[in-house]
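Chemist: I am attaching a structure below and will ask some questions about it afterwards.
Each reported figure results from applying straightforward, stated rules to the coordinates on display, with no laboratory input. No experiment lies behind these values; they were computed from the predicted model shown. Cβ: placed from backbone, ideal geometry, glycine included. Neighbour counts: every protein chain shown.
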Amino acid sequence: MSRRLTLTRPDDMHLHVRDGAALQAVVPFSARQMGRAVIMPNLKPPVTEVQAALAYRERIMAAVPAGSLFTPLMTLYLTDNTTPQTVQAASAAGIIAFKLYPAGATTNSDDGVTDLFKLLPTLQAMAEIGMPLLVHGEVTDAAVDIFDREAVFIERVLQPLLAQVADLKVVFEHITTAEAARLVAAGDERLAASVTPQHLLMNRNHVLVGGVRPHHYCLPILKREEHRLALLAAVTGDASHKFFLGTDSAPHAQHAKECACGCAGIFSAHAAIELYAEAFDSVGALHKLEAFAAHNGARFYGLPLNSETITLVEETQHIPQAYAFGEQRLIPLRAGESVAWRMES
Ligand code: DOR
Ligand code: ZN
């Protein structure tokens with residue numbers, strides 16, 4: 001008999017769905033699995049105003065297949081010009097969080113923040129309201145090695161931020177290192193972290209050994225095996241309630257990944273919960289998957305748990321070579337390969 005696992009419908013606390021035809025192509029994948037998703041605001045131009053976020057929410061809702069209860073949770077993109085008034089207006093409009101992209105850190109981050117510590121009044125307004133700050137935690141200093149950028153961010157930005165803005169709720173997004181896992185596990189309850197499937201399943205060899213693998217290139221970049229093991233230990237360990245599911249599923253057209261300067265981003269929404277099931281099962285911790293996928297994030301954000309359930313079956317699922325992506329093609333994680341679990345429809 002194949003193993004089966006029924007769990008509360010999960011939430012994806014870090015998701016990119018883009019816009020236009022791309023949005024139409026990818027939203028159904030998340031809507032099939034997830035109850036809710038925290039939607040990243042790094043469109044071109046970025047979603048910096050409440051009205052833009054509400055309009056974006058409508059476009060996402062229009063792409064949700066009939067019968068799905070999928071709910072997008074909207075965020076705003078923090079800039080050097082975000083005011084405390086914008087924070088208050090965002091809260092009143094049901095915006096769930098602000099996203100910090102250090103300027104130049106990743107895809108569509110050119111309008112990001114150049115000096116976070118010039119935004120203290122805005123950050124204090126967020127702390128007062130209980131509005132979380134979602135952090136892309138990498139420094140952009142050209143002198144810092146790409147594999148060290150997360151660890152250096154902890155020292156230069158995150159620890160000073162937590163010290164200077166008491167009570168600010170922070171999600172350290174898509175953590176990739178033992179240092180980040182340690183900080184979050186040891187931190188107080190206002191600090192949590194999202195973890196992607198790729199950082200639980202792969203290390204930097206998967207980007208570079210046997211040839212450059214553009215479809216395994218994301219930011220923060222995959223790290224050494226010891227860091228992958230530290231992340232697995234964190235999401236299944238004593239402080240595991242501080243870590244939750246956030247795929248960072250980040251679709252790019254095939255041609256934008258397979259070129260001389262390929263974009264960062266891994267598309268995983270087609271098999272997200274199954275990929276996490278593989279990762280948790282690899283350390284004998286499938287019983288910890290439900291809390292990670294469906295409880296810890298909701299609790300951090302102060303949301304009710306989803307009332308529906310989903311069921312996973314341990315059955316080989318073949319992943320197609322590509323999906324349609326408007327007029328383009330989208331190469332999913334495990335393209336042409338398989339995943340060991342399948343979510344029942
Ligand atoms: O790999 C990534 N892709 N990391 C990010 O931070 C952004 C994302 C995207 O938007 O493509
Ligand atoms: Zn992201």
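Every residue, every condition in (1) among the small types (G, A, S); (2) under 27 Å from T114 (Cα atoms); (3) touching a Ser or Thr at 6+ places or on another chain (Cβ under 6 Å), yes or no:
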| position | (1), (2), (3) |
| --- | --- |
| H14 | no, yes, yes |
| R36 | no, no, yes |
| E58 | no, no, no |
| T75 | no, yes, no |
| L78 | no, yes, no |
| A90 | yes, yes, no |
| Y101 | no, yes, yes |
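Chemist: Residue check, V170 against (1) touching a residue at least 40 places away in the same chain (Cβ under 8 Å); (2) surrounded by 21 or more Cβ atoms within 10 Å (Cβ to Cβ); (3) away from ligand 1 (no atom under 16 Å from the Cβ), all met but one. Which one?
Modeler: With respect to (1) touching a residue at least 40 places away in the same chain (Cβ under 8 Å); (2) surrounded by 21 or more Cβ atoms within 10 Å (Cβ to Cβ); (3) away from ligand 1 (no atom under 16 Å from the Cβ), V170 is out only on (1).
Chemist: Okay, next question. State which residue pairs qualify: first residue closer than 22 Å to G104 by Cβ and in contact (Cβ under 8 Å) with a residue 24 or more places away in the chain and inside the stretch 208-224, second residue away from ligand 2 (no atom under 16 Å from the Cβ) and basic (K, R) in any location, beta carbons under 7 Å apart, and separation of 6 or more residues or different chains.
Modeler: I221/R204; L222/R204; K223/R204
Chemist: Here is a follow-up. Enumerate the pairs (first residue in the stretch 11-37 and free of Cβ contacts under 8 Å to residues at least 60 places away in the same chain; second residue anywhere and assigned to a loop (DSSP other than H, G, I, E, B) and among the β-branched types (V, I, T)) with beta-carbon separation below 7 Å, excluding pairs fewer than 6 apart on the same chain, so at least 6 apart or on different chains.
Modeler: L23/V17; V27/V17; V27/V64; A31/V64
Chemist: Condition first: within 16 Å of ligand 1 (Cβ to nearest atom) and under 29 Å from L158 (Cα atoms). Can you find one or more residues in the stretch 54-71 that meet it? Talk me through it step by step, then tell me what you get.
Modeler: Keep residues of the stretch 54-71 that are within 16 Å of ligand 1 (Cβ to nearest atom), which gives 56, 60.
Among the residues that remain, those that are also under 29 Å from L158 (Cα atoms) are: none.
Within the stretch 54-71, not a single residue is within 16 Å of ligand 1 (Cβ to nearest atom) and under 29 Å from L158 (Cα atoms).
Chemist: Name every residue in the stretch 26-45 that is surrounded by 15 or more Cβ atoms within 10 Å (Cβ to Cβ) and over 17 Å from the mean Cα position of the chain (by Cα), in order of residue number. Walk me through it before giving the result.
Modeler: Step one: filter the stretch 26-45 for residues surrounded by 15 or more Cβ atoms within 10 Å (Cβ to Cβ), giving 26-43.
P28, R32 - these are the residues of the stretch 26-45 that are surrounded by 15 or more Cβ atoms within 10 Å (Cβ to Cβ) and over 17 Å from the mean Cα position of the chain (by Cα).
Chemist: Which numbered condition trips up Q317, out of (1) within 19 Å of the chain's Cα centre (by Cα); (2) more than 18 Å from T8 (Cβ to Cβ)?
Modeler: (1)
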